[in-house]
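The values are calculated or read from the model by the stated rules, or taken from the named source; none is laboratory data. Please read these numbers as outputs of a predicted model, since none were measured by experiment. Please note: Cβ atoms are built from the backbone with ideal geometry, for glycine as well, and neighbour counts cover all protein chains shown.
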Amino acid sequence: MKADPATSNDTVADTLNKVPSLAVDPDGAVTVRGKSNVQILMDGKPSAMMQGDNRAAALNALPAADLESVEVINNPGAQFGNEGGGGPIINLVMRRERSPGGFAVVNANVGSSGRYNSSAFGSYTTGRMSVQGSLHRRHDGRDTSGETVRERIDPVTGAVSRSTQLSDGDSRNDSAGFNGSATYNLGERDVVGVSASYNEFTNDGDSLERYRSTGAGGVVDNEYDRTTVREAVNKNYSLGGRLDHKGSLPGEVFKLDLRLSGTDADSDVRFASRYAVRPPGALDSLTRQDNATDTRVADFTGDYERPLGTGLLKLGYKLARTGNSFDTMFFDTDTLTLAESVNRSRTNRFELDDTTVALYGSYQYRVDSQWSMLGGLRAEYNELDMHQVTTGIHATNSSTDLIPSAFVTYGLSDDTRCGSAMRTAFAAPTRPS
């Protein structure tokens, strides 16, 4: 990251768009080689900020200056589980500075249409202690316009119905936050560290949508103009502690890592619709939707590495729990009195708790200067506890998976490698209740 002169102005989303085979669209959706089941880690660990709809806001707000590097793992091995559907993994390695003494850098940028951003990073290392931290602030916006034309063909009669949707909108984004960490060398072999971060993102916007559809006979059956006013705020925090122990062998390391993170996301969206042709069951002229999403992640891992023969052995475990709640309230508004009433058919609260216990082992063997092989096995127990609060439905699901993986890599040159991979899962029967 330090070699890119645009780092002081870019967001993390801007940086990811520069990585080969990786793309981030304007709405924050990430793909790797066209695959959308992408998992994003921070320093090799999951974070609530990078899950669900929270991820798009974070990627478009966090400063690239806080990154040390970006790792793309196309074929996750035994160290990684089934999160993200077993797809590609992007690891955001956060900036580290351990040079003796003090170091600081401040960036500030101003652009057109009121855009600006600033960030500051500082560190101080003396003796056994090292501390560092960063601050950031950003304000920007985006104007959008779109046109969607659809044709629906009846498979029996071949009759065609058409719809056209035109939209224009603008959004205003503000973000601010900090992160900090401290490490202390207990001795020649042990290092303890703590970290903390907080980020807040706000997104306000207005949009106008024009919609018109016709039936198979060409008669207009739905036509309206709809204005939307959106206010959203997303708050994220993270706390972490770790212990690194160097063994007696060169390259022998044992690491313990505990991460606690959470996200509180709230949005209020107001709709005003004016119908030229109103179909049956259409929304009221004035409506409001309030969404509240909470995510909590606790992740405790242990990883051990040591040379074994001519290869490298890795062993580890993971204990994790993710809690999610999704609360959607939908209101109809009386056009005369402006009094709101809850729309029961569109209001819903859903809770999901995910618990994971896993053990893994892998061995990497270098055959010669060009060929290398990596094999591993992961045993993973997963339990889902689902509660549909609105309807009073409760269910649990649990499964145990054995996930073997194997990779063969051939070095074409110092900078280019090609490989083949195998990764699958053997699952015990699922036990719902």
Which is touching a His at 6+ places or on another chain (Cβ under 6 Å), surrounded by 13 or more Cβ atoms within 10 Å (Cβ to Cβ), in a strand (DSSP E or B) and at pLDDT 90 or above, of His387, His394? His387
Can we say Leu352 is farther than 30 Å from Ser273 by Cβ, over 19 Å from the mean Cα position of the chain (by Cα) and not hydroxyl-bearing (Ser, Thr, Tyr)? no
Is there any pair with a first residue in segment 126-138 that is at pLDDT below 95 and a second that is crowded, with 21+ Cβ neighbours inside 10 Å and of a type in the set (Val, Ile, Thr) whose Cβ atoms are under 8 Å apart and which are 6 or more apart or on different chains, and what are they? Arg138/Thr11
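Would segment 360-373 turn up any residue that is within 17 Å of Asn74 (Cβ to Cβ), within 28 Å of the chain's Cα centre (by Cα), surrounded by 13 or more Cβ atoms within 10 Å (Cβ to Cβ) and modelled with pLDDT under 90?
Within segment 360-373 (the criterion being within 17 Å of Asn74 (Cβ to Cβ), within 28 Å of the chain's Cα centre (by Cα), surrounded by 13 or more Cβ atoms within 10 Å (Cβ to Cβ) and modelled with pLDDT under 90), the answer is no, since none of the residues qualifies.
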Note on segment 90-134: residues over 28 Å from Asn185 (Cα atoms) and in contact with a helix residue (DSSP H, G or I) (Cβ under 8 Å, 6 or more places away or on another chain) are Ile90, Asn107, Asn109, Ser119
Which of the residues belonging to segment 139-163 are in a strand (DSSP E or B) and among the hydroxyl-bearing types (Ser, Thr, Tyr)? Thr144, Ser145, Thr148, Ser161, Ser163
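If a residue has to be in a strand (DSSP E or B) and in contact (Cβ under 8 Å) with a residue 60 or more places away in the chain to count, how many in segment 278-305 make the cut?
7
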Just a yes or no: is a residue in segment 29-44 modelled with pLDDT under 85 and either within 27 Å of Ala120 (Cα to Cα) or aromatic (Phe, Trp, Tyr) (or both)? no
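Among the listed residues Thr322, Thr328, Thr295, Thr335, identify the single one that is of a type in the set (S, T, N, Q), over 30 Å from Gly193 (Cβ atoms) and modelled with pLDDT of 90 or more.
Numbers: Thr322 fails: over 30 Å from Gly193 (Cβ atoms); Thr295 fails: over 30 Å from Gly193 (Cβ atoms); Thr335 fails: modelled with pLDDT of 90 or more.
Being of a type in the set (S, T, N, Q), over 30 Å from Gly193 (Cβ atoms) and modelled with pLDDT of 90 or more holds for just one of Thr322, Thr328, Thr295, Thr335, which is Thr328.
Would you mind stating whether Ser341 is free of Cβ contacts under 8 Å to residues at least 24 places away in the same chain and either under 27 Å from Gln289 (Cα atoms) or part of a strand (DSSP E or B) (or both)?
Details: free of Cβ contacts under 8 Å to residues at least 24 places away in the same chain: yes; either under 27 Å from Gln289 (Cα atoms) or part of a strand (DSSP E or B) (or both): yes.
Criteria met by Ser341.
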Please tell me if Phe350 is part of a strand (DSSP E or B), in contact with a Phe, Trp or Tyr (Cβ under 7 Å, 6 or more places away or on another chain) and under 30 Å from Asp284 (Cα atoms). yes
